[in-house]
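Worksheet: the structure to be examined is printed underneath.
The values are calculated or read from the model by the stated rules, or taken from the named source; none is laboratory data. No experiment lies behind these values; they were computed from the predicted model shown. Methodologically, a virtual Cβ is constructed for each residue, glycine included, from the backbone with ideal geometry; neighbour enumeration extends over all protein chains shown.
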Amino acid sequence: MADRLNDPARLEAIAASGLIDAVEFEALNRVSRLAAHATGAPLALVNVVGAAQQATVAGVSRITASVRAAWRRWNTPSAGAW
């Protein structure tokens, strides 16, 4: 796996695409919506893994604000560890 992650051709293609620094990439947002719909998942993300960083370049969420707020409360250090 590490060999594929460090493949020079892959890293050059990622650098040339500009995806790591992209603010938003609408075509990949469509891909994430399709993936969420096809799988029935409440969340789908597209991540790009470069040589020294990873970036989420697209995503869709059907998770409601109340669920997100509850998740944040459960995952704060003051709320206690799992």
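Miscellaneous remarks
- The range 47-66, subset farther than 25 Å from D7 by Cα and out of contact with any Lys or Arg (no Cβ under 7 Å at 6 or more places or on another chain), residue surrounded by the most Cβ atoms within 10 Å (Cβ to Cβ): G59
- Of all residue pairs spaced 6 or more apart or on separate chains, those with beta-carbon atoms under 7 Å, a first member in the range 30-44 that is touching a residue at least 12 places away in the same chain (Cβ under 8 Å) and more than 10 Å from G59 (Cβ to Cβ) and a second member that is surrounded by fewer than 16 Cβ atoms within 10 Å (Cβ to Cβ) and of a type in the set (K, R) are P42/R62.
- Residue in the range 3-19 that is loosely packed, with under 12 Cβ neighbours inside 10 Å, acidic (D, E) and at pLDDT below 75 present: no
- Filtered residues of the range 28-46 (kept if loosely packed, with under 12 Cβ neighbours inside 10 Å and not in a helix (DSSP H, G or I)): G40
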